[in-house]
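To start, the structure under review is shown below, and the notes come after it.
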Amino acid sequence: MDVCLKRIMKSGVTPERHWEGYAAMMTSRRAFLAGTAAALATSSMPAWGQAAPPTRVKVIDVHSHWYPPEWLELVEKEAVDNGATKIERNARGFMVISIPGLGVTFQPQYTDIPSRLKAMDEKGVAIHVMSLTQPMVYWAKPEFGLRLSQAFNNACSELHKKYPERFLGLAMLPMQSPDMSIAELDRVSKLPGIKGAYMSTHVLGKNLDDKSFWPVYEKCEALGFPIFLHPTNTLGADRMRNYYLRNFIGNPVESAIAASSLMFSGVMDKYPKLDVVLPHAGGVFPSLLGRMTHGQTVRQELQDLPRPPMEYRRRFHYDTIAHDKDTLLNLVHQVGADRVVCGTDFPADMSDVAPVSTVERMTELSTKDRDLILRGNAARLLKLEG
């Protein structure tokens, strides 16, 4: 049995319930790096700690997760009274939250900034754009969801002020209350370092085409805030308990549902200046556009869409987390190099451990296009100078 699974079982946290805690059972960052290196030994990708290739640009990673200590403290103190079913510590002392349909172990590598900076330097990454990850805040009562969002957003801004050249933030929003989300967008638009908004692929089971969310999209467009999407509570999770399918299949499908909902509902047409970034190389969305384009010709319920679905592929941006050169190259050929941004999913076990090499290995692309992916496109989306 895998040593990490043994540790999980000893801790009392079942792998089926707490897959997100898998990497947390690593006893130290050194063990985590060693495990990653071993997993990559037979691949063409360099492991952490190996010198990153020299970069011509200051690389921006738009997909990086963080739990600020003050956010965790608020969760531990008040979550049970505001929507969580249980807060406990496992055998290794890591906090575990249980909410309806999900359990998450808060892993120390998601919090520690010094080790993050070291990893960024090893990878050749100049800037992390910070966002929350599971369980986000939608499980909470709206008022507490707002407080959690504010705690995260304030922490991101403070981190940016401490390290202005290294960290930016994506605003967490309490989307269970669109009105509160709009007010929070107004507030964070004045905070240093907050450069966009962060949302799940659904909100408590509501797809992103729900009309109650449209005023939030309108506000993001008005502020010039791109929206970065991320899966949580994936569809069909009960059927994907084994083999990590909830991540391998569930996450890519979630991205496709979210993007398709925004496209078919008319959101992307009503708000033509709204930028939406899809994680994990867009999931299966790019691969399904041909099928949906055919479907529009035969399905009456799709006739209101003003253009074929295939023509919407460039209305989205996509990160580079494909874990395969040919898959990523195909994405670039489909949507254009100007629609792809560097992302890693740091520090998850499914992260891209060599993001610069991932892009630089695509020698079929021009240097200009590779630089766009490593920095230029993200800098444009986030409205950075230089």
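Give me the compactness ratio for the range 320-383, meaning the Cα radius of gyration over 2.2 N^0.38 Å.
Details: Rg = 11.1 Å, N = 64, 2.2 N^0.38 = 10.7 Å.
Taking N as the residue count of the range 320-383, the ratio is 1.04.
For the chain, give the magnitude of the charge dipole about the Cα centre (Cβ charges: +1 Lys/Arg, -1 Asp/Glu; no others), in debye to the nearest 20. Could you put the intermediate results ahead of the total?
Working: 45 positive and 42 negative charges, 93 e Å.
Its charge dipole is roughly 440 debye.
For the range 275-336, the residue among Val298, Tyr318, Phe285 whose Cα projects farthest onto the positive side of the dipole built from Cβ charges is Val298.
Taking other Cβ atoms within 10 Å as a rough exposure proxy, Cys156, Cys220 sort from fewest to most as Cys220, Cys156. When Val125, Val80 are arranged by Cβ crowding within 10 Å, least crowded first, meaning fewest neighbours, the order is Val80, Val125.
Of all DSSP beta bridges in the chain, what percent run antiparallel (nearest 5)? Working shown, then result.
On the way: 10 of 34 bridges.
Among the beta bridges of the chain, antiparallel pairing accounts for roughly 30 percent.
Per the Debye formula on identical point scatterers at the alpha carbon atoms of the range 257-337, with no solvent, log10 I(q)/I(0) at q = 0.18 Å⁻¹ is -0.73.
Here the scattering of the range 125-196 is modelled by Debye summation over its C-alpha atoms, one equal scatterer each and no solvent; at q = 0.18, 0.27 Å⁻¹ the log10 of I(q)/I(0) is -0.63, -1.18.
For the pairs Lys162/Lys368; Lys161/Lys383; Lys77/Lys162; Lys77/Lys123; Lys206/Lys273, flag any whose C-alpha to C-alpha distance is greater than 29 Å. In this structure, Lys162/Lys368; Lys77/Lys123 exceed 29 Å between Cα atoms. So what does the Cα-only Debye profile of the range 95-143 read at q = 0.14 Å⁻¹, as log10 I(q)/I(0), no solvent term? For the range 95-143, the Cα-only Debye profile gives -0.51.
Looking at the chain, which longest stretch skips every one of the chymotrypsin sites (Phe, Trp or Tyr not before Pro) that is in a DSSP loop with at most 16 other Cβ atoms within 10 Å, leaving the sites themselves out?
Details: sites that count: Tyr243, Tyr244.
Of all site-free stretches, the longest is 1-242.
What order do you get for Ile182, Ile373 when you list them from fewest to most C-beta neighbours inside 10 Å? Intermediate results must be reported in sequence, preceding the final value.
On the way: Ile182 16, Ile373 28.
Going from sparsest to densest Cβ surroundings: Ile182, Ile373.
Going by a ≥ b ≥ c, the root eigenvalues of the Cα gyration tensor, does the range 138-238 fall in the rounded group (a/c under 1.5), the prolate group (a/b larger than b/c) or the oblate group?
On the way: a/c = 1.76, a/b = 1.52, b/c = 1.16.
Judged from the Cα gyration tensor, the range 138-238 comes out prolate (a/c at least 1.5, a/b above b/c).
Does the range 177-216 come out rounded, prolate or oblate by the C-alpha gyration tensor, with a ≥ b ≥ c the root eigenvalues, rounded set by a/c under 1.5 and, if not, prolate when a/b is larger than b/c and oblate if not? Verdict is prolate for the range 177-216. Of the trypsin sites (Lys or Arg not before Pro) found in the range 257-308, those that fall in a DSSP loop while having at most 13 other beta-carbon atoms within 10 Å are Lys273, Arg299. Per-residue 3J(HN,Hα) values for the range 239-251, derived from phi via the Karplus relation 6.51 cos²θ - 1.76 cosθ + 1.60 with θ = phi - 60°, read 8, 10, 6, 9, 6, 6, 5, 4, 8, 4, 10, x, 4 Hz in sequence order (x marks Gly and Pro). Computed extension gain for Lys368 through Asp269, at 0.36 nm per residue and net of the alpha carbon distance, reaches 32.7 nm. Taking amide H as placed 1.01 Å from N in the peptide plane, Thr133 has its amide H under 5 Å from the amide H of Trp66, each at least 5 places away in sequence or on another chain.
Annotation for the range 238-306 versus the range 149-219: alpha-carbon center distance of 22 Å. Applying the Karplus relation 6.51 cos²θ - 1.76 cosθ + 1.60 with θ = phi - 60° to the range 157-173 yields 3J(HN,Hα) values of 5, 5, 5, 4, 5, 6, 10, x, 8, 10, 9, 10, x, 10, 5, 6, 10 Hz, where x marks Gly and Pro.
Using alpha carbon coordinates only, what is the Rg to Rh ratio of the chain, with Rh defined as the Kirkwood radius?
On the way: Rg = 19.9 Å, Rh = 21.2 Å.
Reported Rg/Rh, Kirkwood definition of Rh: 0.94.
We did not get these values from a lab; they are worked out from the coordinates using the rules stated. Remember, it's a predicted structure, so these values are computed and weren't measured experimentally. So basically every Cβ, Gly included, is an ideal-geometry build from the backbone, and we count neighbours across all protein chains shown.
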